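Encoded as C-alpha cells, the structure appears first; notes follow it.
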Amino acid sequence: MTLSVLSRKDKERVIRRLLLQAPPGEFVNAFDDLCLLIRDEKLMHHQGECAGHQHCQKYSVPLCIDGNPVLLSHHNVMGDYRFFDHQSKLSFKYDLLQNQLKDIQSHGIIQNEAEYLRVVLLCALKLYVNDHYPKGNCNVLRKTVKSKEYLIACIEDHNYETGECWNGLWKSKWIFQVNPFLTQVTGRIFVQAHFFRCVNLHIEISKDLKESLEIVNQAQLALSFARLVEEQENKFQAAVLEELQELSNEALRKILRRDLPVTRTLIDWHRILSDLNLVMYPKLGYVIYSRSVLCNWII
C-alpha cells in the first residue's frame with residue numbers, strides 16, 4: 001500500500017513512527033528524507049514537532065543556555081512542549097528541526113535544602129564528567145512526587161560522524177530520594193551505535209543498577225555519589241568492550257542480512273579478477289570489491 005492511498009490519520013501514524021525510529025543525531029536527516037516522499041509541508045511540520053519533542057526526551061539532547069549545558073529529558077518537561085532548566089531558571093520550547101529555543105520565559109524555584117544539595121551534586125558530577133568524557137554534558141534536576149524530593153542526575157556524550165558513516169551515544173541517568181540517613185540510587189546506562197557504511201548495523205546496550213548511599217552531609221553525599229557513578233560506569237564500559245571482543249563470527253553472521261565469507265585473511269580481489277578474466281565487466285568487479293570491504297571490516 002502506497003502513502004497516496006492512506007488516510008491522513010494513517011499517514012500521521014506512519015510518519016511519527018518512522019521519525020521516532022531515527023537514531024541519535026539523525027532525526028533531521030530522516031525528516032528531510034520523509035519530506036521528499038510525503039510532499040505535505042503542513043503535515044510534516046506538525047508531526048516533526050511532535051516526534052522531535054519525544055526524540056529530545058529519549059536521547060537527552062544537549063543544549064547550552066547562558067554558557068551552561070542543559071540536557072532535555074522527560075524529567076524536565078512542563079507540558080505544551082515546554083522544558084524547564086533549574087540552572088538558568090528558564091522554561092522554553094525547543095525546535096529540534098531549526099535547532100533553536102523558542103518562547104523563553106523566566107520560572108522561579110524554591111530555594112530549600114534540596115536545591116542546595118542539587119547545586120553541590122552538580123559541581124561534583126561536572127568534575128567527574130570533565131575527567132572521563134571528551135565532550136560530555138551533565139545536569140542535575142529536582143522533582144517532587146507526593147511531597148517527596150528526588151534528584152535526577154543525567155550524563156550524556158556523543159560523537160556524530162555522519163561523513164564517516166557512523167554515530168554513537170552514551171547516556172546515563174541516576175535517581176535517588178533525599179532521605180536523612182540512607183538513600184537508594186537507581187541508575188540506567190545506555191549506549192547506542194549506528195554504522196551505515198556498506199552495512200546498516202545498529203547496536204543498543206543498556207543496564208539497570210541499584211545501589212545504596214549513606215548520607216552524612218551534602219559534601220560527603222556529592223563525593224560518594226560521583227565515586228559511585230564512576231565505579232559503575234567503568235564496570236559497564238569494561239563489560240561492553242569484553243563482550244564485543246568475544247563476539248564470534250557466527251553471531252555476526254546471524255545479525256547480518258546475508259552470509260558473507262569470513263576468512264581472516266586479506267583477499268586480493270584485483271588479482272582474482274585478473275585471473276578469472278573479469279576485468280571486462282567493471283560493474284561486477286565493483287560489486288565483488290564492495291563485499292570484500294565489508295568482510296575486512298567484520299574481521
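The values are calculated or read from the model by the stated rules, or taken from the named source; none is laboratory data. On a predicted model such as this, the values are computed, not experimentally measured, just so you know. In this analysis, Cβ positions are derived from the backbone assuming ideal geometry, glycine residues included, and neighbour counts consider all displayed protein chains. Protein only, heavy atoms only, side chains kept; ligands, DNA and RNA dropped before computing areas. Shrake-Rupley method; radii C 1.70, N 1.55, O 1.52, S 1.80 Å.
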Q: Could you identify the single residue in Leu151, Leu121, Leu169, Leu125 that is in contact with a helix residue (DSSP H, G or I) (Cβ under 9 Å, 6 or more places away or on another chain), under 30 Å from Leu201 (Cα atoms) and of a type in the set (A, V, I, L, M)?
A: Leu169
Q.
Any residue at all in the range 185-206 that's without any contact (Cβ under 8 Å) to a residue 40 or more places away in the chain, touching a Lys or Arg at 6+ places or on another chain (Cβ under 9 Å) and aliphatic (A, V, I, L, M)?
A. no
Q) Which condition breaks for Lys143 when tested against (1) within 15 Å of Gln232 (Cα to Cα); (2) assigned to a strand (DSSP E or B)? A) (1)
**Q.** Answer residue from the range 65-94, given it is of a type in the set (D, E, K, R) and surrounded by 16 or more Cβ atoms within 10 Å (Cβ to Cβ) and is nearest to Val119 (Cα to Cα) among those
**A.** Asp85
Q) What number of residues within the range 141-191 are open to solvent by 10 Å² or more (accessible area, probe 1.4 Å) and either within 16 Å of His74 (Cβ to Cβ) or touching a His at 6+ places or on another chain (Cβ under 8 Å) (or both)? A) 14
Q. Assuming Tyr59 fulfils every condition listed in (1) assigned by the TED database to the domain that holds Gly187; (2) open to solvent by less than 40 Å² (accessible area, probe 1.4 Å); (3) within 22 Å of the chain's Cα centre (by Cα); (4) not β-branched (Val, Ile, Thr) apart from one, which condition is it?
A. (1)
Q: Report, ordered by the first and then the second residue, all pairs with beta carbons closer than 7 Å, sequence separation of six or more or different chains, a first member in the range 145-163 that is in the same structural domain as Phe190 (by the TED database) and basic (Lys, Arg), and a second member that is open to solvent by less than 70 Å² (accessible area, probe 1.4 Å) and outside any helix (DSSP H, G or I).
A: Lys148/Gln177
Q. Any idea which of (1) at pLDDT 90 or above; (2) within 24 Å of Val229 (Cα to Cα); (3) open to solvent by less than 70 Å² (accessible area, probe 1.4 Å) is the one Leu101 doesn't satisfy?
A. (2)
Q. Quick one: in the range 192-221, which of the residues that are among the hydrophobic types (A, V, I, L, M, F, W, C) and not in a strand (DSSP E or B) is surrounded by the fewest Cβ atoms within 10 Å (Cβ to Cβ)?
A. Val216
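Can Ile205 be described as more than 25 Å from the chain's Cα centre (by Cα) and among the β-branched types (Val, Ile, Thr)?
no
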Q: Test each condition in (1) more than 20 Å from Asp66 (Cα to Cα); (2) over 23 Å from the mean Cα position of the chain (by Cα); (3) of a type in the set (D, E, K, R); (4) modelled with pLDDT of 90 or more for Lys173 and report the one that comes out false.
A: (2)
(Q) Every residue in the range 123-140 that is open to solvent by less than 10 Å² (accessible area, probe 1.4 Å) and either assigned to a helix (DSSP H, G or I) or in the same structural domain as Phe27 (by the TED database) (or both), please. (A) Leu125, Val129
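Can you confirm whether the range 46-55 contains a residue that is modelled with pLDDT under 85, farther than 21 Å from Leu151 by Cβ and not in a strand (DSSP E or B)?
Step one: list which residues in the range 46-55 are modelled with pLDDT under 85, which gives none.
Among the residues of the range 46-55, not one is modelled with pLDDT under 85, farther than 21 Å from Leu151 by Cβ and not in a strand (DSSP E or B), which makes the answer no.
Condition test on Ile109, is it open to solvent by 80 Å² or more (accessible area, probe 1.4 Å) and either over 25 Å from Ala22 (Cβ atoms) or among the polar types (S, T, N, Q) (or both)?
Judged against the criteria, Ile109 is not a match.
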Q.
From the list Leu18, Leu6, Leu36, exactly one residue is modelled with pLDDT of 90 or more and open to solvent by 30 Å² or more (accessible area, probe 1.4 Å). Which is it?
A. Leu18
